[in-house]
Amino acid sequence: MQEPNHSSVTEFILLGFSLGPRTTPLLFAAFMITYFLIIVGNGLITILICLDSHLHTPMYFFIGILSILDLGYTTTTVPQMLAHLVSQKKTISFARCVAQMYIFLVLGITESWLFAIMSIDRYIAICHPLRYKVIMSPWLCGTMVIFCGLWGVISALVYTVFAMRLPYCGPNKINHFFCEVPAVLKLACADTSVNDRVDFILGFSVILVPLSLILVIYINIFIAILRIRSAQGRLKAFSTCASHITVVTMFCVPAMVMYMRPGSMASPEEDKKLALFYNVISAFLNPIIYSLRNKDVKRAFLKVTGWCRTSK
């Protein structure tokens, strides 16, 4: 029996955004400015946490790791997207596509679990304040971050292997601005139903499980906050959780929609918007959310820059 003649794809074409000649420069400028602010914002938070001893606490340790992850996965996609906006050549080699897919997944999955770890940190700080420093030791914080990283490495490997084991024989045009799994799978010359099931199952371990853990923890946190007698104390306790709840919602909800729905239900334009939201917008807003109303970060900035000679 003669096997079908499939020629392997050696490179992909990233279609990116469907724009007119007048719109492209505006979009390029917007993304360039946004990416610059992402680097400045997340880089500044990371530097402040490293330099100011007052920020050497478990909460700021996790925020620093979050900023590093945001820098990593935006750098994996945005520079290439900017280059393709101003260039006629929009190709990416098969090997680079696989590498981009894997690195992005590693960092994204690690961040998803980091959010769950950060909720545990908030629970212990609010519900067990006297034992907080003892429980959240540097060893435990480091171990939890290593767990998040290892889970990201393993889960991303499964995602990538199942996606790239399929034959790709043409067409080679990816209707996306980077090599994301759902967009690449649409080009496979084989049935992707198994991949849909694998992605859905893995979605539980990398999105739904940490999201469910966050939900359960915050229910307990809110119960504990309601037991606080003073209104000022309740407001202060809730304000420490509001930032975390906001960034979790911005990141996890779009990612869950993207990776846990069947490929047949996906719309390329909707996928691009979702990817922009949890890849670029969340990384841009995270430093603002965590620092705009944070007196510790503002004090550290004034101290490090020398604008404030004395710290209270």
- Query: On full extension of the chain, what length is gained from residue 68 through residue 86, given 0.36 nm per residue of separation minus the C-alpha to C-alpha distance?
  - Reply: 3.7 nm
- Item | Contour excess over end-to-end distance, with Cα ends at residue 94 and residue 8 and 0.36 nm allotted per residue | 30.0 nm
- Note on the structure: For the residue 140, residue 194 Cβ pair and Förster radius 41 Å, calculated FRET efficiency rounded to 0.05 is 0.60
- Query: Among 273/303; 236/272; 133/303; 133/295, which pairs are too far apart, with a Cα-Cα distance over 27 Å?
  - Reply: 273/303; 236/272
- Query: So how do 126-135, 145-154 stack up, highest first, on mean other-Cβ count within 10 Å?
  - Reply: 145-154, 126-135
- Query: For a paramagnetic label modelled at 7 Å from the Cα of residue 158 toward its Cβ, which residues of the stretch 180-206 fall within the zone defined by backbone nitrogen distances under 19 Å?
  - Reply: 181-182, 185, 192-206
- Sort 69-80, 184-195 for me by packing, meaning the mean count of neighbouring Cβ atoms within 10 Å per residue, highest on top. 69-80, 184-195
- Message: Give me the one-decimal nm value for the distance between modelled label points at residue 220 and residue 40, 7 Å along each residue's Cα-to-Cβ direction.
- Response: 4.1 nm
- Task: Rank-order 222-234, 162-174, 113-125 by packing density, defined as the average count of other C-beta atoms within 10 Å over each peptide's residues, highest first.
- Result: 113-125, 162-174, 222-234
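Suppose R0 equals 51 Å. What FRET efficiency, 1/(1 + (r/R0)^6) with r the Cβ-Cβ distance, do residue 165 and residue 232 give to the nearest 0.05?
It comes to 0.35.
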- Across all Cα atoms of the chain, Rg and the largest Cα-Cα distance (Dmax), in Å, are 21.6, 83
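Laboratory data are not the source of any read-out in this text; all were calculated from the coordinates shown. Quick caveat, the model's predicted, so the values are computed rather than measured. Every residue, glycine as well, gets a Cβ built from its backbone with ideal geometry; the counts of neighbours run over all protein chains shown.
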